[in-house]
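Each remark here refers to the structure printed beneath this line.
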Amino acid sequence: MSGAGAFGKLCRGKRLAAEMTLRHFCRENGFDAAYISRLERGVVEPPHTKKTLDRLALALGLKEGSDEWTEFHELASLCAGRLPDEFVGDERVLGLLPVFFRAIGKADVDEARLNRLIERLRKEVP
């Protein structure tokens, strides 16, 4: 699945969990149905502006400041091929990224090992 597809799948899942049709969701929240449809299908990249992302997150029922809110914004950046804003100026993180990418790029890193690494990071990082 493409990056934009992963973000779109998340958005569609949240909308459906709220039991809203595409048209109803768009009408209630002032979005263009054609755009949201393309977004959910991964045809277009996630929104680039924080204002639009915040508006979409709120419409999908995400609580501002929650882990889910942060993950939503981070996924949007990553799926659009951008580093999340909070990491762009962090030299420590930028210095570690090449090592991280080399580690996960090795052929012997399967999904189970990657998931264990993610869980360890979640426990160690506040």
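Within the range 34-53, track down each residue that is closer than 17 Å to Lys14 by Cα and either surrounded by fewer than 13 Cβ atoms within 10 Å (Cβ to Cβ) or not charged (D, E, K, R) (or both).
Tyr35, Ile36, Ser37, Leu39, Gly42, Pro46, Pro47, Thr52, Leu53
Within the range 68-109, take every residue that is modelled with pLDDT of 75 or more and outside any helix (DSSP H, G or I) and give me the one that is nearest to Gly5 (Cα to Cα). Once the filter is applied, the top-ranked residue is Ala80.
I'm trying to understand the selection: among the residues of the range 37-52, which are within 18 Å of Leu16 (Cα to Cα) and either among the hydrophobic types (A, V, I, L, M, F, W, C) or in a helix (DSSP H, G or I) (or both)? The answer is Ser37, Arg38, Leu39, Glu40.
Can you tell which of Cys79, Cys26, Cys11 is at negative phi and touching a residue at least 60 places away in the same chain (Cβ under 8 Å)?
On the way: Cys26 fails: touching a residue at least 60 places away in the same chain (Cβ under 8 Å); Cys11 fails: touching a residue at least 60 places away in the same chain (Cβ under 8 Å).
On inspection, the qualifying residue turns out to be Cys79.
Going by the conditions given, is Leu58 surrounded by fewer than 17 Cβ atoms within 10 Å (Cβ to Cβ), assigned to a helix (DSSP H, G or I) and modelled with pLDDT of 95 or more? Before the answer, list the steps.
Details: surrounded by fewer than 17 Cβ atoms within 10 Å (Cβ to Cβ): yes; assigned to a helix (DSSP H, G or I): yes; modelled with pLDDT of 95 or more: yes.
So Leu58 fits the description; yes.
What number of residues within the range 14-23 are at negative phi and outside any helix (DSSP H, G or I)? Show your work before the answer.
Looking only at the range 14-23, we keep the residues that are at negative phi, and these are 14-18, 20-23.
With outside any helix (DSSP H, G or I) added as a condition, the list becomes 18, 20-21.
Total meeting the criteria: 3.
The values are calculated or read from the model by the stated rules, or taken from the named source; none is laboratory data. Since we're looking at a predicted model, the values are computed, not measured. Using ideal geometry, Cβ is built from the backbone for each residue, glycine included, and neighbour counts are taken over all protein chains shown.
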